[in-house]
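Worksheet: the structure to be examined is printed underneath.
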Amino acid sequence: MSEERFNHLETQISALQQDMTALQQDMTVMKQDMTAMKQNMDSLREDMSSLRQRFDSFEGTILTAMREGFNSLRNYSDDLNYEVADNARATRLLKRRVARLERKEGD
């Protein structure tokens with residue numbers, strides 16, 4: 001093998017070694033980037049979970065408020081219905097008394 005050819009091969013090997021070193025450094029940086037991305041994804045997942053819990057809690061609060069409001073209105077309606085029925089009963093009793101009094105006066 002000639003000296004020139006040998007030098008050329010050494011230069012190519014040296015260049016390959018430099019390229020391999022650069023590739024290893026790039027792979028190390030890429031691994032660090034992937035680790036950071038995984039941490040970001042984990043943080044995002046935790047944030048989404050937290051938001052989901054907050055939304056569920058908010059939804060539960062709204063449903064509770066609506067349910068309690070509806071129950072309050074239903075109780076108020078029941079009370080009004082009772083009062084109307086009580087007034088109707090009292091009106092019937094008064095009509096009977098008036099009718100009796102009118103009969104007594106007519107006799």
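Radius of gyration and Dmax for the chain's Cα atoms, expressed in Å?
Spelled out, the Cα radius of gyration and Dmax of the chain are 45.3, 153 Å.
So, for the range 17-91, what is the accessible surface per residue at a probe of 1.4 Å, expressed in square angstrom?
93 Å²
Using the Cβ atoms and a cut-off under 15 Å, what net charge is assigned to the surroundings of GLN25, where Lys and Arg are +1 and Asp and Glu are -1?
-2
Want the number for GLU59 to SER14: 0.36 nm per residue separation, take away the alpha-carbon distance, what's left?
Using 0.36 nm per residue and subtracting the Cα-Cα distance, I get 9.6 nm.
Hey, any idea what % of the chain's accessible area is carbon plus sulfur with a 1.4 Å probe?
57 percent
Roughly how many debye, to the nearest 20, is the charge dipole of the chain about its Cα centre, given +1 on each Lys and Arg Cβ, -1 on each Asp and Glu Cβ, and no other charges?
That gives the chain a dipole magnitude of about 1780 debye.
Once you've got the GNM for the chain with C-alpha springs shorter than 10 Å, pick whichever of THR61, THR35, THR91 has the biggest mean-square fluctuation.
THR91
For the range 44-107, treating each Cα as an identical point scatterer without solvent, what Debye log10 I(q)/I(0) comes out at q = 0.19, 0.25 1/Å?
So the normalised log intensities work out to -0.81, -0.96.
Among GLY60, SER49, SER77, which residue has its Cα positioned farthest towards the positive end of the charge dipole of the range 47-107, with +1 placed on the Cβ of Lys and Arg, -1 on the Cβ of Asp and Glu, and the dipole taken about the Cα centre?
Farthest towards the positive end: SER77.
Rounded to the nearest 500, what is the chain's calculated 222 nm mean residue ellipticity when only DSSP H runs of at least 4 contribute -39500 (n - 2.57) each, over all residues?
-37500 deg cm²/dmol
Identify which of ASN87, ASN40, ASN75 has the largest mean-square fluctuation in a Gaussian network model of the chain, with springs joining Cα atoms closer than 10 Å.
Fluctuation is largest for ASN87.
At 0.36 nm per residue, minus the direct Cα-Cα distance, what do ARG103 and ASP86 gain on full extension? Give it in nm, one decimal, please.
Residue separation times 0.36 nm, minus the Cα-Cα distance, leaves 3.5 nm.
Cross-link candidates for LYS104: which lysines have Cα within less than 20 Å, leaving aside residues fewer than 8 places away along the same chain?
The qualifying lysines are LYS95.
Can you tell which of SER77, SER14, SER43 shows the greatest fluctuation in a Gaussian network model of the chain with Cα springs below 10 Å?
SER14
The values are calculated or read from the model by the stated rules, or taken from the named source; none is laboratory data. This structure is a prediction, so every number in the text was calculated from the model and none was measured. Positions of Cβ are generated from backbone atoms using ideal geometry, with glycine treated the same way; all protein chains shown enter the neighbour counts. The protein model used for the area step is the full one, side chains on, heavy atoms only, and it has no ligands, DNA or RNA in it. Shrake-Rupley method; radii C 1.70, N 1.55, O 1.52, S 1.80 Å.
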